[in-house]
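Below you'll find the structure, written out as structure tokens, and then a few comments.
The values are calculated or read from the model by the stated rules, or taken from the named source; none is laboratory data. Quantities reported herein were computed from a predicted structural model and do not represent experimental measurements. Please note: Cβ atoms are built from the backbone with ideal geometry, for glycine as well, and neighbour counts cover all protein chains shown. Areas reflect the complete protein model, heavy atoms only, side chains present, ligands, DNA and RNA absent. Shrake-Rupley method; radii C 1.70, N 1.55, O 1.52, S 1.80 Å.
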Amino acid sequence: MDDATWETIERLVAWLDRGSALPDETKTILQILKITEEAGEVAEALIGVTGQNPRKGFSHSWRDVESELCDVVITAMVALTRVNPETARSVFQQHLAGVAARCVDTAEAEDTAGGAEAE
């Protein structure tokens, strides 16, 4: 994520803070719970894409699913910023690098090793 993305997240946190008199810890807890709510909206859109709700039929599009997935990502970034505003960016970058090293980099190394053996 680039700096502009994180700056937007910080502006969203500030905007949410202006609209709430709750203690910071409560806002953090509720923001983390909000991730689950947003994930439920992804599920609802996916059910709508596949027409699996007989009452609603085909009520959503793949664009709706994409939009709801973006809401999950944004909500999680806001939650991460609420947990620790000073380190949210670096925590995310380090975590993503660790996941990549564990998964993508390992898979690419295995593919390369497998390709060398085949030659």
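So the values come out like this:
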read-out	value
Cα gyration tensor shape of the stretch 17-69, rounded if a/c is under 1.5, else prolate or oblate by comparing a/b with b/c	prolate
Accessible-area ranking of THR106, THR28, largest first, probe 1.4 Å	THR106, THR28
Separation of the GLN93 and THR8 label points, Cα + 7 Å toward Cβ, nm	1.9
Length-normalised contact order of the chain in % [C-alpha pairs under 8 Å, at least 6 apart]	26
Accessible surface, the chain, averaged per residue in Å² (probe 1.4 Å)	70
The stretch 9-119, accessible surface, carbon-and-sulfur percent (1.4 angstrom probe)	60
Label-point separation, VAL104 to SER61 (7 Å along Cα→Cβ), nm	2.9
For peptides 35-46, 73-84, sequence by mean Cβ density within 10 Å, most packed first	73-84, 35-46
Dipole of the stretch 1-50 [Lys/Arg +1, Asp/Glu -1 at C-beta], most positive-end residue of LEU46, THR8, THR26	THR26
At 1.567 mPa s and 4 °C, Stokes diffusion of the chain via Kirkwood alpha-carbon radius, µm² per second	76
Dipole moment magnitude, nearest 20 debye, the chain about Cα centre, only Lys, Arg, Asp, Glu C-beta charged	720
